[in-house]
Each structure stands twice: as C-alpha cells, then as structure tokens.
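Engineer: Sharing a structure below in structure tokens format, with a few things to ask.
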C-alpha cells in the first residue's frame, strides 16, 4: 500500500496523549507491540559512553574504537581475542540483569490483555522480564544463540554456559583456545545468531514464533487492535513500522500508536486513528504505569 505523506501531531499536551493511549489500550481487543532499539536504550542498554568505558575500556585502549558496535565488527587478529570481546558483549547485554525495570513496567501495563510482541531487539529482555515466550517473535536473532558461520545447517545452540566460561577465564584480552566454539557438524567456527547478511539461520524456533505471530494477526483480523510501536527507528522499517501502517490502514477498527523521540510520525491516511507521542519509551511507559495504579 502506498502512503502519500507523513503527519505529526502536536506534542504540547503530553498528558492528553497518554490519556488517549490509555483509552486505546482499554478499548482494544488485542495489543501488538512492535519494539525497536529505542526501547532497550530507554531501559539502560547504552553502547557507548560511561557504560562502554567501564566494560570495554581495555579493548578501547588497545584498538581505538569507542563503542560496542564498532568493537563487534573489529577485525581481531585471532578468534581468541574475538571471543574475549564478544563473550563480554553477550554477558552484559544478554545475561547480566536488565539495568532498569522498564520491561517489567511494560509487562504490568499489558498483563491480562491479549498481546503479542514483535521485536528487532536481540537482548531477550522481554522473556527475561517475564513476558510469555509463546507471545514473542525475535525476528533478528538472539545474543544467547550460536550458529554455524558457513552455515552448514539451520540449527542454533544456546551459549550461556560457554560464554560464562569465556568471561571468567579470559586473560590479556584473549580466551583459552579450548573455548573457541566450532560447529559440531562441519567444524567451522561458530558465530552469533544475528541477522547481518544472508547467512543468518532461521531455526525451528524462529519459524514457530513467526507462525504464532501470523496466527495472532489472523485471529484478530478486523477486531479492535492497538499496534503499539515503541522505539522503532528507520533502519529496518519493513519489519515493524511499514506493516503496522498497512495493517492499521486495512483494519478500520485498528489504532496505531508511535512512541519515538523525534520520529513520531504516521501516514496521513491513518492520521485520524494514530496516536503520536514524541517522547522516549521510558517516559511514556512510566506515565502509563502511573495510570495503571490510579
């Protein structure tokens, strides 16, 4: 579906927008949450600055990069150093406690409602915060999974135990060679199950989650669905943003809500059924949490 132009609503009355969003939540038959990087950033997952210096200052001093993303793509001289960095990266962004209770607050807002979560985030915060894993679809992978780097198969492997060993035993920015992971089928090095190119593995769990998401949408077709978009930027709009616009346009009973600081927009065609809040996900979720206890 082609949309002619984008619109923005006035953000002068933040409280009124929150009231509209709360009313849409209360009136909905189902809520589809679309979560992007802005939500995890709001929860404390910053990849540069003080947090980066605290966790990766030694890597920064040796190699000169200034954020975790750059470190993830750095051409290390050995797999031992590559996995010394990546094991710390996985540990702090996947297994260490979530920095703030934002995801738990969001769960309390949708608790008791018929919801589903579609997310491009790979930190698994939704499941760690207590969301029903049968209502989650992580489209872009998971920091907690390895896959074959070739890949020779469409399988993934949980990495928590090995990652913890890597973190505990690294010295001089290297892990012991015995901890370097290899594919049990072909012997090639394992890599992260993160979508970055056409080698990304979509395993049985990925397809099962995709089917559950499509089934949820089918079961609520033409019902009062709230498409709640949280912190979704413009990097991968075809996964969440554009489909949410299209599904809202096709379902006259649907409402689209966009929460995004500086990027809260919607097509003019659905403007009368859109709630646009130019604010951080943290501010909006905290405001909704206050509403919930009134």
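Engineer: Expressed as a whole number of Å, what is the distance separating the alpha-carbon centroids of segment 256-294 and segment 35-76?
Structural biologist: For segment 35-76 versus segment 256-294, the Cα centre distance is 28 Å.
Engineer: Can you figure out the FRET efficiency of residue 289 with residue 219, using R₀ = 30 Å and their beta-carbon distance, to the nearest 0.05?
Structural biologist: 0.60
Engineer: Additional query: In degrees, nearest 10, range 0 to 90: what is the angle between the Cα axis of helix 204-219 and the longest Cα principal axis of the chain?
Structural biologist: Result, in degrees: 0.
Engineer: Specify the inter-centroid distance of segment 137-185 and segment 111-126, based on alpha-carbon positions, in whole Å.
Structural biologist: That distance is 24 Å.
Engineer: In cubic angstrom, how much convex hull volume per residue do the alpha carbon atoms of segment 176-246 span?
Structural biologist: Residue-normalised Cα hull volume stands at 152 Å³.
Engineer: Follow-up question, since we're still on this one. When only alpha-carbon atoms count, how far does segment 44-115 stretch along each of its three principal axes, as whole angstroms with the largest first?
Structural biologist: Result for segment 44-115: principal-axis Cα extents of 51, 24, 16 Å.
Engineer: Further question on the same structure: Would you calculate the separation in nanometres between label points at residue 54 and residue 154, each defined as 7 Å from the Cα along the Cα-to-beta-carbon direction?
Structural biologist: Each label point lies 7 Å from its Cα, and together they span 4.2 nm.
Engineer: Convex hull volume of the Cα atoms in segment 229-294, per residue, in Å³? Could you put the intermediate results ahead of the total?
Structural biologist: On the way: hull volume 6.1 nm³, N = 66.
About 93 Å³ per residue, rounded to a whole number.
Engineer: Additional query: In degrees between 0 and 90, to the nearest 10, how far off the longest principal axis of the chain does helix 49-63 point, with axes built from Cα atoms?
Structural biologist: 30 degrees
Engineer: Kindly identify segment 140-276 as rounded, prolate or oblate by the Cα gyration tensor criterion: order the square roots of the eigenvalues as a ≥ b ≥ c, call it rounded if a/c is under 1.5, otherwise compare a/b with b/c, prolate if a/b is larger, else oblate.
Structural biologist: Since a/c reaches 1.5 and a/b is larger than b/c, the shape of segment 140-276 is classed as prolate.
Engineer: Residue separation times 0.36 nm, minus the C-alpha to C-alpha distance between residue 13 and residue 178: what's the value?
Structural biologist: Details: separation 165, 0.36 × 165 = 59.40 nm, distance 5.86 nm.
So the extension gain works out to 53.5 nm.
Engineer: Further, regarding this structure: Anyone know which of 205, 231, 34 comes out most mobile in the 10 Å Cα GNM of the chain?
Structural biologist: Fluctuation is largest for 205.
Engineer: Sticking with this structure for a sec: Pull out a ≥ b ≥ c, the square roots of the eigenvalues of the alpha-carbon gyration tensor of segment 31-161, then state rounded if a/c is under 1.5, prolate if not and a/b is larger than b/c, and oblate in the remaining case.
Structural biologist: Numbers: a/c = 2.58, a/b = 1.49, b/c = 1.73.
Since a/c reaches 1.5 but b/c is at least a/b, the shape of segment 31-161 is classed as oblate.
Engineer: Further question: In square nanometres, what is one fourth of the surface area of the convex hull spanned by the alpha carbons of segment 84-148?
Structural biologist: Projected area, direction-averaged: 5.0 nm².
Engineer: How much of the DSSP bridge set in segment 135-290 is antiparallel, in percent, rounded to the nearest 5? Don't jump to the answer; show the numbers that get you there.
Structural biologist: Details: 10 of 19 bridges.
Here the antiparallel bridges make up roughly 55 percent for segment 135-290.
Engineer: I would also like to ask the following. Over the chain, with a Gaussian network built from C-alpha contacts below 10 Å, which listed residue (29, 211, 197) shows the highest mean-square fluctuation?
Structural biologist: Taking springs between Cα atoms under 10 Å, the residue moving most is 197.
Engineer: I would also like to ask the following. Considering only DSSP beta bridges with both partners in the chain, what is the antiparallel share in %, to the nearest 5?
Structural biologist: Percent antiparallel among DSSP bridges in the chain is about 35.
Engineer: Only helical DSSP H runs with n ≥ 4 go in: add -39500 (n - 2.57) per run for the chain, normalise by residue count and round the 222 nm mean residue ellipticity to 500 deg cm²/dmol.
Structural biologist: So the helix-based figure for the chain works out to -11500 deg cm²/dmol.
Engineer: For a footprinting-style exposure proxy, rank 40, 15, 196 by other Cβ within 10 Å, fewest first.
Structural biologist: Numbers: 40 26, 15 9, 196 12.
So the ranking, lowest neighbour count to highest, is 15, 196, 40.
Engineer: Using alpha carbons only, how many degrees (0 to 90, rounded to 10) separate the axis of helix 79-90 from the longest principal axis of the chain?
Structural biologist: Once rounded, one gets 30 degrees.
Engineer: Would you mind ranking 245, 86, 157 so that the residue whose beta carbon has the fewest other beta carbons within 10 Å leads the list?
Structural biologist: 157, 86, 245
Rule-based calculations on the coordinates, nothing more; no lab input. All figures in this text were calculated on a predicted structure; none of them were measured in a lab. Cβ sites come from the backbone with ideal geometry, for glycine too, and all protein chains shown count toward neighbours.
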